[in-house]
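Taking it in order: structure first as structure tokens, then the write-up.
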Amino acid sequence: MRSRLLVVFAAVCFATTGTSQELGPDNLSPLGVATMRTIIGAAFLIVVAAVMRTKQSRTEYKPVAPWLWFAAGLGMALFAAAFFAGVRSTGIAIGTVFALASAPLFTGVISVIIQKVRPTRQWLIATVVAIIGMSILVLAGNDAQLNVGGIGLALLAGFGYALFAVASKYLVASGMPGEQSMARVFVIAAVMLAPSLFFVDLEWLTQPSGIVLVVWLGVVSVGLAYWAYATGLRTLAPSETTMLTLVEPVVATVLGAVILDHQPTAWAWFGIVVVIGALAYESRTSQKNVRH
């Protein structure tokens, strides 16, 4: 039960990212938010990894090819930058669902190309149903700014996360503790995103709400969330953790509707339910786990 609660806690932390950004300064830069979140999260994970290392016996793990670390870091950097921009453009409910629903679909495609793994019938059914659900979302619309650019950014975020997920499978297989591997991945992502701070307006960081925003996102939606997820993953089956993380799009949609009054239409709610149902079906019939 403790492990299940940790994974659910991680999913709830992930779900606060879009709403937190909307509650921040009006003049914030989505790319600046993504970069600062990643930097603070990386620093927090380094501390967590150091503390955990002192409490655990030293473990040996297999060496990992450098390109896998690069791919995982690139995927996370791409996900962070595109996700915040996409949510800003097209709304929390739509942006979150498109990003999270497309991630397992992209993961399946990448697995076919790289690992030569043929998709199962269950995965194909889930893919078709998820696409139908996302199509309903696009056609239904809502009072948020639904636009092609925002949807494209959300899909790009899904691809970035899929790249991160596939590479992370190899990192975990090396035997390295989850908190250590996540700390390294986020450091790489932070290094990739850091140069963008020279090209974005950071005036919003001088405001108290801006500082609270990036600290919350870095410590809670990255540091605590990834530590909790990695800890819970130790004793749970992949299919169960995937099912538990479906709490995220539900919580994100509810937060957007209740706190920000981003009210999807009835058809948009139906589309969200269809997408979540497709992911639930896929997670119950597959042992593959796509990490957030």
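Readers should treat all values here as calculations from the given coordinates under stated rules, not as data from a laboratory. This structure is a prediction, so every number in the text was calculated from the model and none was measured. Glycine also receives a Cβ, built like all others from the backbone with ideal geometry; neighbour counts cover every protein chain displayed.
Judged by the gyration tensor of its Cα atoms, with axes a ≥ b ≥ c, segment 1-78 is oblate; a/c meets the 1.5 cut and b/c is at least as large as a/b. One chain, two ends: V273 and S196. Fully extended at 0.36 nm per residue, the span grows by 24.1 nm beyond their Cα-Cα distance. Label separation (N147 vs Y61): 4.1 nm, computed from points 7 Å beyond Cα along the C-beta direction. Here the Debye sum runs over all C-alpha atoms of segment 145-189 as equal scatterers in vacuum, and log10 of I(q)/I(0) at q = 0.14 Å⁻¹ comes out as -0.45. Here the alpha carbons of segment 1-133 define both size measures, Rg and Dmax, at 18.0, 49 Å.
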